[in-house]
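Chemist: The structure under discussion is supplied below as structure tokens; questions concerning it will follow.
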Amino acid sequence: MASEKTQAIVLKVVEFSETSCVLTLFTEHFGKVGALAKGARRPKGPFEGALDLLALVRIVFLRKSSEALDLLTEAKLQRRFRSAQRELSRLYAGYYVAELLSELTDNGDPHPELFALADETLLALDCGRSVAPAVLRFEVLALRLLGHLPSLDECVGCGQSIPDEPRTAFGLVAGGVLCARCRPGQRQVVSITAGGLAALKRFAAVNGDCETLTLDDKVRGELRGVWNNYLAHLIGHKPRMHEYLSVAAK
Ligand SMILES: [Zn+2]
């Protein structure tokens, strides 16, 4: 068994026995990992309260070769997600980041850039940045990193650039915008306003800080609808946190 060190975000904690927990961790170098933390539930256990949901931790774990759970041997808290005590909308947004990481990645498939994006997003949410732009930025850039970003400029059917129109057809199954010729016969097509499409392009193009990204309420509502449908289609079911986001993420 190899002993590995890395940073990780705690995505899920499930009680396993009187004293132990099973964790889902999104690690910087090994992707998503399922690990057993023995003694984690003991008051003076070996992990000293480091294993809170959405916490950033530095860990040491033993990798198991088969389907068995890895074994967590050390966890040092680097940053707790404090919004849990402050504002429900930030907590929900944090849970949603964890849910997407969990749903969109496979165990043991490393995505260091996605780890950095998630870390940055949780920090932004915890530092009081606007929730809706931070969430949309995470969704768009996470999908881009994973190769699932829908086509926003060119028709996903024929590759032609889409002219500026008040409304553009967006194929949830096809995976992007559709021109008038390619639209007929497509399943699950929604229409997106010029403002909504421009906002998506703006979020997809940006590489810098999310501080400069803003989202007005009307566009936010529209994109939430389109995005919820697109992600539900991609994942295969409706993400659990979507209903909370629509209410809370302003
Ligand atoms: Zn076309």
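The values are calculated or read from the model by the stated rules, or taken from the named source; none is laboratory data. Bear in mind the structure is a predicted one, so any value in this text is a computation, not a measurement. Every residue, glycine as well, gets a Cβ built from its backbone with ideal geometry; the counts of neighbours run over all protein chains shown. Heavy atoms of the whole protein, side chains included, go into the accessibility calculation; ligands, DNA and RNA do not. Shrake-Rupley method; radii C 1.70, N 1.55, O 1.52, S 1.80 Å.
Chemist: Per residue, how large is the accessible surface of the stretch 1-80? Use a 1.4 angstrom probe and give square angstrom.
Modeler: With the other protein chains kept in place, the stretch 1-80 gives 54 Å² per residue.
Chemist: How much accessible area per residue does the stretch 83-250 have, counting only protein heavy atoms and a probe of 1.4 Å, in square angstrom?
Modeler: Value for the stretch 83-250: 48 Å² per residue.
Chemist: Looking at the chain as a GNM with Cα springs under 10 Å, which of 28, 15, 67 has the largest mean-square fluctuation?
Modeler: In this elastic network of the chain, the residue with the biggest mean-square fluctuation among 28, 15, 67 is 67.
Chemist: Pop out the carbon and sulfur fraction of the accessible area of the chain as a percent, whole number, probe 1.4 Å.
Modeler: Carbon and sulfur together cover 48 percent of it.
Chemist: For the chain, evaluate the Debye formula with one uniform point scatterer on each Cα (no solvent term) and list log10 I(q)/I(0) at q = 0.07, 0.10, 0.12 Å⁻¹, rounded to two decimals.
Modeler: Debye curve over Cα of the chain, log10 I(q)/I(0) at q = 0.07, 0.10, 0.12 Å⁻¹: -0.27, -0.53, -0.73.
Chemist: If you don't mind, another one. Residue 60 label point, 7 Å along Cα→Cβ, cut-off 16 Å on backbone N: hits in the stretch 24-40?
Modeler: Residues 37-38 qualify, since their backbone N sits under 16 Å from the label point.
Chemist: Another question about this same structure. Of 22, 7, 68, whose Cα points farthest to the positive end of the dipole of the stretch 1-80 (charges on the beta-carbon: +1 Lys, Arg; -1 Asp, Glu; origin at the Cα centre)?
Modeler: Farthest along the dipole direction, towards plus: 7.
Chemist: Checking the cross-link filter: which lysines have an alpha carbon closer than 20 Å to that of residue 12, excluding same-chain neighbours under 8 positions apart?
Modeler: 32, 38, 64, 76, 238
Chemist: Can you give me the orientation-averaged projected area of the convex hull built on the Cα atoms of the stretch 47-88, in nm²?
Modeler: Mean orientational projected area (the stretch 47-88, Cα hull): 3.8 nm².
Chemist: If you fit an axis through the alpha-carbon atoms of helix 217-235 and take the longest principal axis of the Cα set of the chain, what angle between them do you get, 0 to 90°, nearest 10?
Modeler: 70
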